[in-house]
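Peer 1: Sharing a structure below in structure tokens format, with a few things to ask.
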Amino acid sequence: MGLINLEPTLHAGEHVVWRRPAALSLSDRVVAGVLYLTTEAVLFMPNRFNRRRDIVSTRLARERIERVDTIAPVVALASSRNGGLRRRLRLCTSEETHVLVINHADHVAAELRDALYG
């Protein structure tokens, strides 16, 4: 994909449906990368700079995702370092929740819900 962003490793027969620049929202910062929707999963791949900090990619199998929605950001002093005041995309499984800063989060959430739950 380029010098900064890496291509995801896909399973045999799996292909990318769409990709969007995104950042994984942590409590004190964001991790820049790319969000992928594939025929099997939703993937977040941090860019090369963040991978050096031992932040690994996240792979959520489509059937594990129970909820896709958006949430308002937490307004705090640290919010200037974790994506500002934009709405976040939230992906929930029964075990974990991932929050991402992404442009047009409401639109992306609707696209993911359509793709996952048809």
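Peer 1: Would you mind stating whether ASP69 is at pLDDT 75 or above and loosely packed, with under 14 Cβ neighbours inside 10 Å?
Peer 2: no
Peer 1: Let me ask something additional. List pairs: first residue in the stretch 101-118 and among the acidic types (Asp, Glu), second residue outside any helix (DSSP H, G or I) anywhere in the structure, Cβ distance under 7 angstrom, at least six positions apart or on different chains.
Peer 2: ASP106/THR70; ASP106/ARG87
Peer 1: So, of the residues in the stretch 30-57 that are at pLDDT below 80 and in a loop (DSSP other than H, G, I, E, B), which turns out to be surrounded by the most Cβ atoms within 10 Å (Cβ to Cβ)?
Peer 2: So the residue we want is ILE55.
The values are calculated or read from the model by the stated rules, or taken from the named source; none is laboratory data. Since we're looking at a predicted model, the values are computed, not measured. Here the Cβ is made from the backbone with ideal geometry for all residues, glycine too, and neighbour counts use every protein chain on show.
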